[in-house]
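Written below as structure tokens is the structure these notes are about.
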Amino acid sequence: MSDYLRLENVSKTFGGIRAVNDVSFALKQGEIVGLIGPNGAGKTTLVNVITGVHPASLGRVIFQGEEVTRQKPFQAARRGLARTFQIVQPFPEMTVLDNVAAGALFGGSPEGLAEAREHAHRHLAFVGLDPIADQPAASLTLPNRKRLELAKSLAMNPKVLMLDEVNAGLNTGEIDTALDLIRRISERGITILLIEHLMKVVMSVSQRLLVLHHGALIAEGEPQKVVNDQHVVEAYLGEK
Ligand code: ATP
């Protein structure tokens, strides 16, 4: 498989802080790759760089052979680079359905609102929320807000889906449901970058792991090998 999404020597600085430091890696089409690292390691910033929210200060992002380093978030979405947010913030007054329809419109595929709603129903059915499609998003429980976020990102018709702590705050049963959804999304050929603090979760679905520490990539590869890597163990122990 050839590289699908590639980062070349990417750095991102905020004032004096180097949140991402000279990071290079590639994702292959259809892979599930876990992105782990202690708090403040730069994981969310990396997703923000890839999706154009905070473009790289240095280095290049290449997607399907095209340089996309300076793209805007809506351009990233239209190219199929979709993400969920760590802090889930649906439009609270809008219905569950219209939150997802908004995602479909942002992704740019439907012709208008009616078609966007049709797409939204399909994605809501996939995550199990269609029965409450007409409720206001503000009324949802945390697990359902996470599912809504997933449906919204799927409505963007993603090629690469970056999931930022979609399991945080969920109980074991809810995590199992979320993992099942992640596997089914992957079966559609969507490449997944999974940011996750729960090691059991990340180990159970990831085919490869990337480890960030102080903004730098300190390990990459087969999950079992990576978690036993001396640098990785030290990075995590140093946090405690
Ligand atoms: P966590 O696991 O806690 O979510 P993370 O690995 O996602 O952490 P980031 O949120 O990417 O880490 O933060 C990396 C560093 O960049 C931190 O020092 C953070 O304070 C800084 N940072 C992130 N975004 C900004 C910003 N918009 N402005 C200034 N500093 C930022």
task: Return yes or no: is residue 134 more than 16 Å from the ligand (Cβ to nearest atom) and either out of contact with any Lys or Arg (no Cβ under 6 Å at 6 or more places or on another chain) or free of Cβ contacts under 8 Å to residues at least 40 places away in the same chain (or both)?
output: yes
query: Does residue 157 fit the bill of being within 16 Å of the chain's Cα centre (by Cα) and open to solvent by less than 10 Å² (accessible area, probe 1.4 Å)?
result: no
- request: Kindly provide the set of residues from segment 16-54 that are free of Cβ contacts under 8 Å to residues at least 60 places away in the same chain, more than 9 Å from the ligand (Cβ to nearest atom) and open to solvent by less than 40 Å² (accessible area, probe 1.4 Å), ordered by number.
  value: 26, 49, 52
query: Restricting attention to segment 55-66, and to residues there that are open to solvent by less than 40 Å² (accessible area, probe 1.4 Å) and part of a strand (DSSP E or B), which single residue is nearest to residue 9 (Cα to Cα)?
result: 59
- request: Please specify each residue of segment 188-223 satisfying the condition of being in contact with a strand residue (DSSP E or B) (Cβ under 9 Å, 6 or more places away or on another chain), in a helix (DSSP H, G or I) and of a type outside the set (A, V, I, L, M).
  value: 223
query: Condition test on residue 198, is it within 15 Å of the ligand (Cβ to nearest atom), open to solvent by 20 Å² or more (accessible area, probe 1.4 Å) and in contact with a helix residue (DSSP H, G or I) (Cβ under 8 Å, 6 or more places away or on another chain)?
result: yes
query: residue 69 fails exactly one of the following numbered conditions: (1) under 30 Å from residue 137 (Cα atoms); (2) away from the ligand (no atom under 16 Å from the Cβ); (3) assigned to a loop (DSSP other than H, G, I, E, B); (4) modelled with pLDDT of 95 or more. What is the number of that condition?
result: (1)
- request: Scan segment 201-217 for residues that are open to solvent by 50 Å² or more (accessible area, probe 1.4 Å) and away from the ligand (no atom under 13 Å from the Cβ) and jot them down.
  value: 203, 204, 207
statement: Of the listed residues (78, 83), the one being more than 13 Å from the ligand (Cβ to nearest atom), modelled with pLDDT under 95 and surrounded by 16 or more Cβ atoms within 10 Å (Cβ to Cβ) is 78
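The values are calculated or read from the model by the stated rules, or taken from the named source; none is laboratory data. Note that the structure is a prediction, hence the values are computed from the model and not measured. Neighbour counts run over all protein chains shown; Cβ positions are idealised from the backbone, glycine included. Surface areas here come from the heavy atoms of the whole protein model, side chains and all, with no ligands, DNA or RNA. Shrake-Rupley method; radii C 1.70, N 1.55, O 1.52, S 1.80 Å.
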